[in-house]
Every structure is written in C-alpha cells, then in structure tokens.
Amino acid sequence: MAAKLKKGDQVIVLAGKDKGKKGEIASIDPKSGKAIVNGVNMAIRHTKQSQTTQGGRIPQAMPIDLSNIAMVDPKDGGPTRVGFRVEGDKKVRYAKKSGEVING
C-alpha cells in the first residue's frame with residue numbers, strides 16, 4: 001500500500017489521551033502500523049547514568065497507531081484524509097477535505 005503519511009508530516013491525534021494535539025511525525029513503522037509523533041504519547045523512561053549521558057527520568061515519545069492520527073489540512077488546520085492523484089506526469093498526495101496538494 002502507498003504511504004499516505006510520511007516522516008515530517010503535520011498530524012493531529014484523533015483518539016486517546018492526547019486527542020486534539022498536533023505534532024510532526026518523527027518516524028514511521030509501516031509493518032506494525034505505528035508512528036512516533038513529537039510531543040504526543042509521552043512516557044517517562046528511567047535511564048542509568050553513564051559517561052556520556054546524565055541519566056534520570058527522561059520523557060520519550062512512544063509509538064501511536066496510524067488509525068489514531070490524521071493529516072492536518074493545509075487550508076483550515078483540521079483533520080483530513082489523504083488521497084492520490086496524477087498531476088501532469090507526477091503522482092501527488094492531496095487533502096480530501098480541501099483538495100489542496102500536500103508538500104512532499
């Protein structure tokens with residue numbers, strides 16, 4: 001299946017404890033169907049001090065299911081689905097809500 005969401009996309013959370021929050025996709029795992037979004041689904045990880053790191057309680061973004069996030073519409077800032085169309089000789093992603101072409 002084609003990648004509707006990619007690294008660097010602005011997304012909004014649709015369900016869960018962070019519902020309504022916006023963030024940028026840091027990484028995506030298509031095999032498990034999850035993505036890591038900066039500032040969303042944060043958890044505290046306890047790390048041991050070493051010569052290179054300070055250690056302590058470090059907040060870390062945890063994976064969130066792709067079904068719980070949606071692309072932010074470039075026109076109105078709300079959630080939108082993503083579609084594909086051919087413009088000229090290029091296949092582009094577009095926001096189904098407004099019809100705007102999505103960068104990238």
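The values are calculated or read from the model by the stated rules, or taken from the named source; none is laboratory data. Small disclaimer: the values here were computed from a predicted structure and weren't measured. All Cβ positions, glycine included, derive from the backbone under ideal geometry; neighbour counts span all protein chains shown. Heads up: the accessible areas ignore ligands, DNA and RNA and are worked out on the full protein's heavy atoms, side chains in. Shrake-Rupley method; radii C 1.70, N 1.55, O 1.52, S 1.80 Å.
Just a few scattered comments:
- Shape of the chain from the C-alpha gyration tensor: prolate (a/c of 1.5 or more and a/b above b/c, with a ≥ b ≥ c the square roots of its eigenvalues).
- The value of relative contact order for the chain, using C-alpha pairs under 8 Å at least six residues apart, is 21 percent.
- Distance between modelled label sites at SER50 and GLU100, nm, 7 Å Cα→Cβ extension: 4.3 nm
- Multiplying the residue separation of LYS75 and VAL92 by 0.36 nm and removing their Cα-Cα distance gives an extension gain of 4.4 nm.
- Backbone amide hydrogens, once placed in the peptide plane, bring ILE69 within less than 5 Å of LEU14, excluding anything fewer than 5 places away on its chain.
- Listed residues MET42, MET62, MET71 arranged by accessible area, highest first, probe 1.4 Å: MET42, MET62, MET71
- With protein chains left intact and a 1.4 Å probe, residues in region 1-96 average 68 Å² of accessible area per residue.
- Each Lys and Arg contributes +1 and each Asp and Glu -1, all at the Cβ; summed about the Cα centre of the chain, the dipole is approximately 220 debye.
- The share of accessible area on the chain that comes from carbon and sulfur is 51 percent, using a 1.4 angstrom probe.
- Residue among ALA15, GLY83, ILE102 farthest towards the positive dipole end of the chain, charges placed on Cβ: ALA15
- Whether region 1-44 is rounded, prolate or oblate, judged on the alpha carbon gyration tensor where a/c under 1.5 counts as rounded: prolate
- Of the cross-linked pairs LYS7/LYS90; LYS21/LYS90; LYS4/LYS97; LYS21/LYS75; LYS34/LYS90; LYS31/LYS90, those separated by over 24 Å at the C-alpha level are LYS21/LYS90; LYS34/LYS90; LYS31/LYS90.
- J(HN,Hα) series, region 8-17, from Karplus relation 6.51 cos²θ - 1.76 cosθ + 1.60, nearest Hz, glycine and proline x: x, 6, 7, 10, 10, 7, 9, 8, x, 5
- Inter-probe distance in nm under a simple model that places probes 7 Å from Cα toward Cβ, at LYS17 and PHE84: 3.6 nm
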